[in-house]
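Here the structure is laid out as structure tokens; the discussion comes afterwards.
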Amino acid sequence: MDLSIEHGVNFQNSLSSSFFTQEQQSLELLQSSPTVSFYQALTVVNNIIFTEKNRSLTKPEIAVLKGAWENQDFSEIGQQSGYKAGYLQRRIAPQLWNLLSETVTKGQQVLKRKVRTLLTEVVINYYQSNPHLELPLFDSQFIKGQLPSSKLSNFYGRQQELYHLKKLINNHRCISLAGVPGVGKTALSAKLLAELSLDSTQHFDFLVWKSVTHSVRLQDLLSELIDLIQPDTSLNLPEYTQALITALIKHLQSHRCLLVLDGFEVLFKTPNLEQRLDYKIFMRRLLEEEHKSCVLLTCRALPNEIHAMSKDDRSILYFRVDGLDTDAALNFLSDQGLTNKNDCLDLIKTYRSNPSELATVVQKIKHFFSGSTEIFFKNKTTFITDEFQSMLDETFGESLEQTERYIMIYLAQKLSLDPAPISFSDLLIQINSSKNISASTSAIIKALEKLEQLSLIESIKDPNTKEIAFTLQPVVKKYINTDPLGLVKSQNSFPSLANAF
């Protein structure tokens, strides 16, 4: 089944002057949430009971508590837990209600129909009374795979993106989270899984996390994914690639899964043409064959094979991840010790709220400028992280064609003289009058579309004239102008370009 969907989702930064600590953010999020998750409630209940009685809840007690939380009758609880309904209702439940009334609600009687209301209040009061405690980051038993906890403990903002993603994953078979290195694609997808694992209203049977750090054989990846979803079936897997794909799709048909492939584009960087073809067929089958799951791909940009496929049937939702909103970026810099708002706003603008880029400049300011933004701005420079430079090295060394390279060099040199964005009409005039390059209007548009997709250029549309103009991030502009490895002009020196304006 093909899904006809929009090509992109984007979010604009918004200014705000408020600064909040992580503890305040956690508490406010908990208080503003319409529901407390069962896992949060279970964590608090177990902590209180262990303190009072020196024991934790048993498995039958947890089954009854979870069933009551979800307003299930005892026959449903029994079916899901494997215990007999009568045993749970007559033996476990009465003792559990008495235990909770005595220890957790301090004398207020707990009944099955009141469990969720009473425990929600208990959880909020518990964290208000213990502000040094952190909310549980995720339910590790519900997530298959090793979620990167470090990305969650220092998570800022993104509430709007999370809200939209929670809706999109219920309606789309495949979503790509695309953006430049360090912008927070991994953190956003990990936070999504963490929040879903704590949300009793979510409707996925499995949340599966697989980080792809290097190109592997498709057979090996498929075996790992199947083993994460159903470990008991891993010993009887078929030998051939297409049969393995069929086995995985059957799991995605019989169980509703949210599968995250973090760093997906790495799979297509292998020089082995057969492996790339295998992955292309795998993705085609995931998109075309019926199943009730969702695959989330994090990548800098979709590999060419998949990008072409998505344009054919429009079955992949392109979700662009930009930098943090201004309020979240200010919070991040404040927690790093930078409190001069104007200086912070300058850094946020320069580095486009990219968390990794901001972290790098903060480290440099602390190490070389005594932590003083005032001293830094007297000697201001633009830093490029190793990850970002590696991406630019690869792009200029391997990916860009002549017209794309010409556009990038022209924009960088022109913006160095005048920071005003360059209009599309001016860009056309420049290219048409150049003796170094010949390109039709359609070829220029195609080049601009590719550069936008790679997050190498930024487009701005005039609200009145609707004319589109282009600019570069300061980091990209510096890389092009300094050309540290001689990659920018390695194929085409464009001798007269510098004299074109």
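The values are calculated or read from the model by the stated rules, or taken from the named source; none is laboratory data. If you're wondering where the values come from, they're calculated on a predicted model, not measured in any experiment. All Cβ positions, even for glycine, are placed from backbone atoms using ideal geometry, and neighbour counts span all protein chains on display. To get the accessible areas, we keep the full protein, side chains included, count just its heavy atoms, and leave off ligands, DNA and RNA. Shrake-Rupley method; radii C 1.70, N 1.55, O 1.52, S 1.80 Å.
Structure data summary
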item	result
Residues located in the stretch 205-228, provided they are open to solvent by 10 Å² or more (accessible area, probe 1.4 Å), more than 26 Å from Gln453 (Cα to Cα) and either aliphatic (A, V, I, L, M) or not in a strand (DSSP E or B) (or both)	Asp205, Arg217, Gln219, Asp220, Ser223, Glu224, Asp227, Leu228
Answer residue from the stretch 172-203, given it is free of Cβ contacts under 8 Å to residues at least 60 places away in the same chain and over 12 Å from the mean Cα position of the chain (by Cα) and is farthest from Ser315 (Cα to Cα) among those	Glu195
Residue match in the stretch 186-206 (condition: more than 21 Å from Leu358 (Cβ to Cβ) and among the basic types (Lys, Arg))	no
Pairs where the first residue, in the stretch 60-88, is among the aromatic types (Phe, Trp, Tyr) and the second is surrounded by fewer than 16 Cβ atoms within 10 Å (Cβ to Cβ) and at pLDDT below 90, C-beta under 8 Å, 6+ apart	Trp69/Ser200
Of the criteria (1) at pLDDT 90 or above; (2) closer than 20 Å to Arg284 by Cβ; (3) among the aromatic types (Phe, Trp, Tyr), which one Phe319 fails	(2)
Of all residues making up the stretch 160-204, the number that are over 24 Å from Leu42 (Cα atoms), small (Gly, Ala, Ser) and either part of a helix (DSSP H, G or I) or open to solvent by 10 Å² or more (accessible area, probe 1.4 Å) (or both)	4
Tabulated pairs, the stretch 90-103, first closer than 15 Å to Val45 by Cα, second in a helix (DSSP H, G or I), C-beta under 6 angstrom, 6+ apart or interchain	Leu96/Glu61; Leu96/Val64; Thr103/Ile48; Thr103/Ile49; Thr103/Glu52
Condition broken by Thr465, with the remaining ones in (1) closer than 30 Å to Leu330 by Cα; (2) at pLDDT below 90 satisfied	(1)
Qualifying residues in the stretch 229-267 (those that are in a loop (DSSP other than H, G, I, E, B) and out of contact with any Asp or Glu (no Cβ under 6 Å at 6 or more places or on another chain)) - the one surrounded by the fewest Cβ atoms within 10 Å (Cβ to Cβ)	Glu239
Those residues of the stretch 104-130 which are in contact with a Ser or Thr (Cβ under 9 Å, 6 or more places away or on another chain) and either in a helix (DSSP H, G or I) or in contact (Cβ under 8 Å) with a residue 40 or more places away in the chain (or both), in sequence order	Arg116, Leu118, Leu119, Thr120, Glu121, Val122, Val123, Tyr127
